[in-house]
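Written below as structure tokens is the structure these notes are about.
The values are calculated or read from the model by the stated rules, or taken from the named source; none is laboratory data. Keep in mind the model is a prediction, meaning the values are calculated, not measured. Using ideal geometry, Cβ is built from the backbone for each residue, glycine included, and neighbour counts are taken over all protein chains shown. Note: accessible area is taken over every heavy atom of the protein model, side chains too, but ligands, DNA and RNA are not part of it. Shrake-Rupley method; radii C 1.70, N 1.55, O 1.52, S 1.80 Å.
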Amino acid sequence: MMQRKPKKLLVLGGMVLLWTAVASAEPPVAKSSRRAVSIGIPWDGKLQQGEVLPRKGAGYQLIEISRQRRARFGVPELIAMIKEVAFRLERRQPGGVLGVADLSKRIGGPIEHHGSHQSGRDVDLLFYLLDMKGNPVVNTRFVPVDKNGFSTEPPMVYRFDTVRNWELIVALIHSRRAKVQWIFVSKAIKSLLLSHAEQQGASPSVIRKAEQMLRQPGEKTHADHFHVRIYCPRGDRPACRDVGRRWAWAR
Ligand SMILES: [Zn+2]
């Protein structure tokens, strides 16, 4: 019995010594060298110390092809925004899962299948879809839909989930993590969303913001996903450059 007390003390002493050794083995790292930075513009840019989007989280999953391409990096503000909106959707409209497609490569730069997505500020979000009985389905690929919201490939198997997709737009507009510049999508989908919003009695200010941010980018119709672009995080300027409209509410 008399020997137990010193033994405990020795073990405790050993732990303290070990902890000290580990702590001092780590060299001090300047905070700035660890910070993610978006550099340049989305179609001619880079990403420094990009943050990775985990494969799955509350209310979302990264699709397999984007995981394989390693197109799952962005500035922390973008990663946080994706998690934030997916979580909000899951809480407000349980049952749906947000399919997240390409972000940027780890160090940004040119990426296959995209003109932009180079500087860690772009992400493709798949539509929330319903089956023909009205049940939410987990969308894992790009499913194009027509102006009435019915899937064209495969035909009439899925329906655009207007309620959840509108909720997603609202969540993006109100994000506390990042400021959204554009949500690229086809004109037809934009009309579907805005007429739903008006029918639901959404606030005129939210409708006006959605009207401005939702945009069909030229020839590319974007009838199978939302392409979301955020503004440069404040600390990343001037290396990071915003091009185009700067909405009054995003200043
Ligand atoms: Zn895109």
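I want to confirm something. Restricting to region 26-43 and keeping residues that are at pLDDT below 50 and of a type in the set (Gly, Ala, Ser), which single residue is least open to solvent (accessible area, probe 1.4 Å)?
Taking the candidates together, the pick is Ala30.
Condition first: open to solvent by 50 Å² or more (accessible area, probe 1.4 Å) and under 22 Å from the mean Cα position of the chain (by Cα). Now tell me which residues in region 200-230 satisfy that.
Glu211, Gln212, Arg215, Gln216, Lys220, Thr221 - these are the residues of region 200-230 that are open to solvent by 50 Å² or more (accessible area, probe 1.4 Å) and under 22 Å from the mean Cα position of the chain (by Cα).
Table: residues versus (1) open to solvent by less than 30 Å² (accessible area, probe 1.4 Å); (2) within 16 Å of the ligand (Cβ to nearest atom); (3) more than 22 Å from Gln200 (Cα to Cα).
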site: Arg88; (1), (2), (3): no, no, no
site: Gly99; (1), (2), (3): yes, yes, yes
site: Ile107; (1), (2), (3): no, no, yes
site: Lys147; (1), (2), (3): no, no, no
site: Phe150; (1), (2), (3): no, no, no
site: Val157; (1), (2), (3): no, no, yes
site: Asp161; (1), (2), (3): yes, no, no
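Quick check on Arg177: is it within 19 Å of the chain's Cα centre (by Cα), open to solvent by 50 Å² or more (accessible area, probe 1.4 Å) and modelled with pLDDT under 95?
no
Select from region 124-145 the residues that are part of a loop (DSSP other than H, G, I, E, B) and within 16 Å of the ligand (Cβ to nearest atom) and write down the one among them that is surrounded by the most Cβ atoms within 10 Å (Cβ to Cβ).
The qualifying residue surrounded by the most Cβ atoms within 10 Å (Cβ to Cβ) is Phe127.
Show the residue pairs that are 6+ apart or on different chains and have beta-carbon atoms under 6 Å apart, the first residue being within region 107-120 and in contact (Cβ under 8 Å) with a residue 60 or more places away in the chain, the second being near the ligand (Cβ under 9 Å from one of its atoms) and not polar (S, T, N, Q).
Close Cβ pairs (under 6 Å, with a partner that is near the ligand (Cβ under 9 Å from one of its atoms) and not polar (S, T, N, Q)) amount to Ser116/Asp122; His117/Asp102.
Of all residues being assigned to a strand (DSSP E or B) and farther than 28 Å from Leu130 by Cβ in region 61-86, which is farthest from the ligand (Cβ to nearest atom)? Just the residue, please.
Phe73
Out of Ala86, Ala80, report the one residue that is touching a residue at least 60 places away in the same chain (Cβ under 8 Å) and of a type outside the set (Lys, Arg).
None of the others qualify; the one that does is Ala80.
Residues of region 109-123 being at positive phi and more than 10 Å from the ligand (Cβ to nearest atom), which ones?
Matches in region 109-123: Gly109, Gly120.
When you check Ser186 against the structure, is it of a type in the set (Ser, Thr, Tyr) and within 16 Å of the ligand (Cβ to nearest atom), yes or no?
Yes; evaluated as a whole, the condition is true for this residue.
Would you confirm whether any residue within region 181-195 is buried (at least 18 other Cβ atoms within 10 Å of the Cβ) and aromatic (Phe, Trp, Tyr)?
There is at least one residue in region 181-195 that is buried (at least 18 other Cβ atoms within 10 Å of the Cβ) and aromatic (Phe, Trp, Tyr).
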